[in-house]
Structures are given as structure tokens and as C-alpha cells.
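Okay, structure first, notes after.
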Amino acid sequence: MYDALTASYRFQCPSGPANRGVAVRLSQFRRVERLDGPAHPAVYRVVWACGGCRQDHLGLVTHDELDYAPFAPNAPAAFWDPLTGRVGGSIGDELAQAAADRLKRGVWPWSFWCSAEERMRPGYPSLLAWVAGLEQLVGCAVRCATCGETSLNMVSRRHLDEPFFHDPVVHAVERPVGEIAEIERFRHELWSQSFDRHRTDFAA
């Protein structure tokens, strides 16, 4: 489901070809909600915006595929090694090693500003309660993996779409917004609040 080469998830568009999936980046997510049921594996319902038919669709994805696939990407294709002049090695192994090296330096695939703790915190796609795609920026209501509070962040599309890329400055509402159950409230909070600028811990 997760494609490490394009940093996107693959879902099925109801109006598209049955044998072809649609590449969906995080900035195309609109709602992420954990379903009631077994915890191993937990299953999430994702509402995503289709770039082909311009409609919103529902998709199901497991917790492991949603959150952990970018940490250990599985890309079966091989690559050409210019040093040996041979085709060999696994792209998946190379990407996994690159991810491990960044994690050792304290750099996570995603990070968001926690208004309750007033600091940047590691984030996961499953913690994105709501996402609103704007022209160049993306507004998101994201739950903190540490304290559980929900904060509003305004980030670039690249900040969401490209794992391990972090905006030098993240805009966020000063206070936590609590749980948001309806899209109307999310939109009201997103458009009615003034965003402050917070420099990230990962800027380099």
C-alpha cells in the first residue's frame, strides 16, 4: 500500500480502472479515524481527495502500513551501482538504512508543533485527525503522540508529503483545540485563528 519511491499510499478510486490504484500523498488526506475493533492490527478509515475524479473517497489501511511503512520501506526493485557497473542491491534496503540513519540522529519522518507542550514533537499519519489542502500550505488538526492534545498546524505540502523533510518554520495556533468531531468546527478553527510562527527543532 505504501510506495517508498513516490512517498505515497495507494488506494482504489471507484471510478478508475479496477486493476490500478491511485497514488495518494498525505496532503490529499482529509480525515483519519481509527475504527472500533481489534487493536492488533488496528484499522483506520481514511477520507482522501482523488486527483483524478476530484471526489473524496473512503479507504481502509492498517496501523502498520499507515505509520510504520515509511520507517522500513519495502521497495523490491534493484538499482544500478555505478561503482561496480552492475545491477544489484535492493532499493528497499538502501531506503531502510537511510531512514535508520536519520532516526539515530533524532530526525523523524514527520513532526508537528504541540501547542500544549510548546515544542515540536514527532508525528504519525494516524494522528492527523483532519487535513485541509490549501494552495501551497496545508492545515491540519494533529494529535500529539506524547500528551494526546490536538493542535492546529499550518505547514507546506512538502512537510507532509516528503518524509524526513521539515519546514524551517511551522505556523500553529497557540492553544490546543481539543477533540474535533465535525468538519465544520475544524474549518471554523482553521480560518478563525491567528497562527504564530514556531521554529522547528529539525531545521538544518
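No lab work stands behind these numbers, since they all come straight from the coordinates. Being a predicted model, the structure only gives us computed values, none of them experimental. Here Cβ is always computed from backbone atoms with ideal geometry, including for glycine, and neighbour counts include all displayed protein chains.
Which order do peptides 138-146, 126-134 fall in by mean Cβ count within 10 Å, highest first?
138-146, 126-134
With n ≥ 4 as the cut-off for DSSP H runs, can you work out [θ] at 222 nm for the chain, using -39500 (n - 2.57) per run divided by the number of residues, rounded to the nearest 500?
For the chain, the value works out to -4000 deg cm²/dmol.
By the scheme Lys and Arg +1, Asp and Glu -1, what is the net charge of all other residues having a beta-carbon under 10 Å from that of GLU174?
-1
What's the exposure ranking of TYR2, TYR9, going from fewest to most Cβ atoms within 10 Å?
The order, fewest Cβ neighbours first, is TYR2, TYR9.
How large is the charge dipole for the stretch 2-68, taken about the Cα centre, if only the Cβ atoms of Lys, Arg (+1) and Asp, Glu (-1) carry charge, to the nearest 20 debye?
300 debye
What list do you get for VAL170, VAL107 if you sort them by fewest beta carbons within 10 Å?
VAL107, VAL170
Could you list which residues have their amide H under 5 Å from that of ARG119, counting only those 5 or more apart in sequence or on another chain, with H placed in the peptide plane?
Those lying under 5 Å, H to H, from ARG119 are CYS114.
For the stretch 102-156, what are Rg and Dmax over the alpha carbons, in angstrom?
For the stretch 102-156, the Cα-based Rg and Dmax read 11.3, 34 Å.
Work out the length of the dipole vector of the stretch 157-204 about its Cα centre, built from +1 on the beta-carbon of each Lys and Arg and -1 on the beta-carbon of each Asp and Glu, and round it to the nearest 20 debye.
Values: 7 positive and 10 negative charges, 33 e Å.
Taking the Cα centre of the stretch 157-204 as origin, the dipole is about 160 debye.
Starting from the 7 Å offset along Cα-to-Cβ, what nm value, one decimal, do you get for the label separation of GLN97 and GLN136?
So the label points at GLN97 and GLN136 sit 3.7 nm apart.
Once a ≥ b ≥ c are taken as the square roots of the eigenvalues of the Cα gyration tensor of the chain, is the result rounded (a/c under 1.5), prolate (a/b larger than b/c) or oblate (a/b not larger than b/c)?
Note, shape of the chain comes out oblate.
What does the charge count around LEU5 come to, taking other residues whose C-beta lies under 15 Å from its C-beta (Lys +1, Arg +1, Asp -1, Glu -1)? Please list the in-between numbers first.
Numbers: positive: ARG10, ARG25; negative: ASP3, ASP93, GLU94, ASP161, GLU162.
Overall, the nearby charge balance is -3.
If I take R0 = 25 Å and measure r between the Cβ atoms of VAL169 and ARG119 in this structure, what FRET efficiency does the formula 1/(1 + (r/R0)^6) give, to the nearest 0.05?
The value I calculate is 0.95.
Can you tell me the 0 to 90 degree angle between the C-alpha axis of helix 91-104 and the longest principal axis of the chain, rounded to 10?
With rounding to tens, the tilt is 40 degrees.
Helix 183-192 versus the longest principal axis of the chain: what is the Cα-based angle in degrees, 0 to 90, to the nearest 10?
70 degrees
What Kirkwood hydrodynamic radius do you get for the stretch 89-204 when you take the inverse of the mean 1/r over all pairs of distinct Cα atoms, in Å?
14.7 Å
Charges only on Cβ, +1 for Lys and Arg, -1 for Asp and Glu: so what's the dipole of the chain about the Cα centre, in debye to the nearest 20?
The dipole of the chain has a size of about 280 debye.
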